[in-house]
2 protein chains.
Amino acid sequence: MENQNISDIIESYLKQILAESQQVEIRRAEIADQFNVVPSQINYVIKTRFTIQDGYVVQSKRGGGGYIRIEKVKLLDNLDFIDSLVAAVGDHITRHDGLAVVRSLFEAGAVNRREVNIILAAIDKDAINTGDRDLDQQIRARVLISILNHLRYES
Amino acid sequence: MENQNISDIIESYLKQILAESQQVEIRRAEIADQFNVVPSQINYVIKTRFTIQDGYVVQSKRGGGGYIRIEKVKLLDNLDFIDSLVAAVGDHITRHDGLAVVRSLFEAGAVNRREVNIILAAIDKDAINTGDRDLDQQIRARVLISILNHLRYES
DNA sequence: GTTTTCTTGACTAATGTTGACTAATATTAT
DNA sequence: ATAATATTAGTCAACATTAGTCAAGAAAAC
């Protein structure tokens, strides 16, 4: 823990607020200043850690009084939950984004911890590794979608 | 013990920490420096001495604040059974034979019906379908083995 | 002597950080 | 109203910082 990078620290800070209050609204320059980073780093943190796969929706506005608002969405409330995850997967998906999808499934209560581990094993880099990165991402997407579609009917 | 090579020494060092603390997190370059070896030797030590068969799970992250984390996991008592299935899968497996492996898992009580369906979805022909039959069988084998390896321990 | 294991380093890949430039929106001046 | 200016956030590419892979050669075991 003594050597966390600054992106992780900013992520933690924002998620801590989100743990209590459903949404957080920031001024980009203010947060950047607070953590002593350039403003665009805030975009990086959001882009890599607050995606729809992670269960967050981000809105922003430029100009005077501008803001970035991060909202935690409750996926279970959404009847098209599986549909939205399938859409999020698309026809290519990285391991990183695949992990986020599985985490969303877990957080939504659609799968338990044991099932999470089985799914992660199925889309692991050691499992899907043809040597062609693009092909791997396609296969990973299909495997994930196949699992998602089965969950639709099983649960 | 009088003729230990450097890999053995690094192994001992890490296992000594693990004897007390469930997991150890290192910076590869730091440990390499400490023992005066090239960084990739750390990968060698981990790959040969901290496998899932030994009861270790390894995670890592690159980039700033990167790390290698080795976690000691509690192995289950079905190891020989899993070994035999891994051997049966080999490096190629058809859907038909894959189904038999999954059925064995179920009949042995290693997985429940829901888990069976998740695994079957993962190795389904629609999920793994590159157009190259041989490649599909290789991928299916790796996906299955990855799942089998995760069934070795409690998580 | 052969085979296996260990050691090394060049190359690759993933992730994080920074800053110059762009775009959108609001405010102020005309 | 319109134009100019100020005030925000977004994008992108270069660079930095980590770990991973692989294959060749050395050392050890057999």
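Throughout, read-outs are computed from the coordinates displayed, never taken from laboratory work. All of these numbers come straight from a predicted model, not from anything done at the bench. We place every Cβ from the backbone using ideal geometry, glycine too, and count neighbours over all the protein chains shown.
Let me know the shape class of the stretch B:79-150, please: from the alpha-carbon gyration tensor, a ≥ b ≥ c as square roots of the eigenvalues, rounded when a/c is under 1.5, otherwise prolate if a/b is greater than b/c, or oblate.
Oblate, since a/c reaches 1.5 and b/c is not below a/b.
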In the stretch B:56-149, with Lys and Arg counted as +1 and Asp and Glu as -1 at Cβ, which of these residues, B:Ile118, B:Leu144, B:Gly65, has the Cα nearest the positive end of the dipole, that is, farthest along it?
B:Gly65
Relative to the Cα centre, what is the charge dipole magnitude of the stretch B:1-143, using +1 at the beta carbon of each Lys and Arg, -1 at the beta carbon of each Asp and Glu, and rounding to the nearest 20 debye?
460
May I ask you to list the residues of the stretch A:101-141 whose amide nitrogen lies under 18 Å from a point 7 Å from Cα along the Cα→beta-carbon direction of B:Arg95?
A:139-141
What distance in nm separates the two pseudo spin-label positions at B:Lys47 and B:Ser60, each 7 Å out from Cα along the beta-carbon direction?
0.9
Interatomic Cα distance distribution for the protein assembly as shown, bins of 10 angstrom, percent:
5, 22, 28, 26, 14, 4, 0, 0
Dipole check, the protein assembly as shown, charges on Cβ (K,R +1; D,E -1), about Cα centroid: among A:Ala19, A:Asn129, B:Tyr44 the Cα furthest to the positive pole belongs to A:Ala19
Between the alpha-carbon centers of the stretch B:21-42 and the stretch A:1-55, tell me the distance in whole angstrom.
30
If R0 is 41 Å, what FRET efficiency do you get for A:Gln16 and A:Asp132 from their C-beta distance, rounded to 0.05?
0.55
Can you tell me the order of A:91-103, A:126-138, B:134-146 when each peptide is scored by its average per-residue count of other Cβ atoms within 10 angstrom, highest first?
B:134-146, A:91-103, A:126-138
Pairs A:Lys125/B:Lys74; A:Lys125/B:Lys125; A:Lys125/B:Lys15: which are spaced more than 30 Å apart, C-alpha to C-alpha?
none
